[in-house]
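Only the coordinates and a few stated rules stand behind these numbers; no lab work does. Worth saying up front: this structure is predicted, and the values here are computed from it rather than measured. Don't worry about glycine lacking a Cβ; one is built from the backbone with ideal geometry, like all the others, and counts go over all protein chains shown.
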């Protein structure tokens, strides 16, 4: 099934919301997580069945489809639909007339909340895997693939603050892969390679500082 890509011009969470035809919301940190949350719908097409609520700040409400999630991850988080049950049904708000959908909220605890939307985009097969590497590594590093040593050497030349930012992100998304049990081995190998290259680049930069 062909899916348009939204990742090139949107942040991962925005792209997820676009794929599921809902409007992204900001939920105040420190407030209790509700059992259900109403999301505004942009069009009556593919809909999410649940919202994942990250436990770390900033709190993210992430739309997902239970079937797609269970196909993409080994860790049980969303129960499969019971026989005879129906998916959440859109409704029109009686006062505003806005189309919305009420979704069950499922808390999720992962090592790195900020990278979870990006991981979900690919593990749920919403985006082509060719678009993943540019979100983890700079283009000049990707050009040296599959020479991991050359990739790390070039990446070690990044400014210290940029490299540290990539260390935190790539380590975080790799820990999420391990924590949730991503099924697609191509995604696992790509993210593991990105993390290994990033870790080696940090080691090289510290050595020659």
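The GNM of the chain, with springs linking C-alpha atoms under 10 angstrom apart, assigns the highest mean-square fluctuation among 54, 193, 130 to 130. Placing a label point 7 Å from the Cα of residue 31 along the Cα-to-Cβ line, the residues of segment 84-126 whose backbone N sits under 17 Å from it are 101-107. Solvent-free Debye calculation, one equal scatterer per alpha-carbon of segment 12-117: log10 I(q)/I(0) at 0.18, 0.24 Å⁻¹ equals -0.91, -1.53.
At q = 0.19, 0.22, 0.23, 0.27 Å⁻¹, work out log10 I(q)/I(0) for segment 132-207 with the Debye formula, treating every Cα as an identical point scatterer and leaving solvent out; two decimals please. Per q value, in the given order, log10 I(q)/I(0) is -0.71, -0.93, -1.01, -1.30.
Considering only 100, 150, 15, the mean-square fluctuation computed in a Gaussian network model of the chain, springs between alpha carbons under 10 angstrom, is largest for 150. Only DSSP H runs of four or more residues enter the estimate; each adds -39500 (n - 2.57), and after division by the residues of the chain the mean residue ellipticity at 222 nm equals -11500 deg cm²/dmol.
Hey, fewest Cβ within 10 Å first, where do 156, 29 land in order? Numbers along the way, then the final one.
Details: 156 20, 29 9.
If I rank by nearby Cβ atoms, fewest first, I get 29, 156.
Projecting the alpha carbon convex hull of segment 55-137 along each direction and taking the average yields 7.9 nm². The mean sequence separation of alpha-carbon pairs under 8 Å and at least six residues apart, normalised by the residue count of segment 101-188, gives a relative contact order of 43 percent.
Please give the direction-averaged projected area of the C-alpha convex hull for the chain, in square nanometres with one decimal. Provide the component values of the computation, followed by the final result.
Numbers: hull surface 53.8 nm².
Across all orientations, the chain yields a mean hull projection of 13.5 nm².
Stretching the chain fully between residue 133 and residue 161 yields a gain of 8.1 nm (0.36 nm per residue, less the alpha carbon separation).
Where is the GNM fluctuation largest for the chain (alpha-carbon springs, 10 angstrom cutoff): 26, 115, 179? Among 26, 115, 179, the largest GNM mean-square fluctuation belongs to 26.
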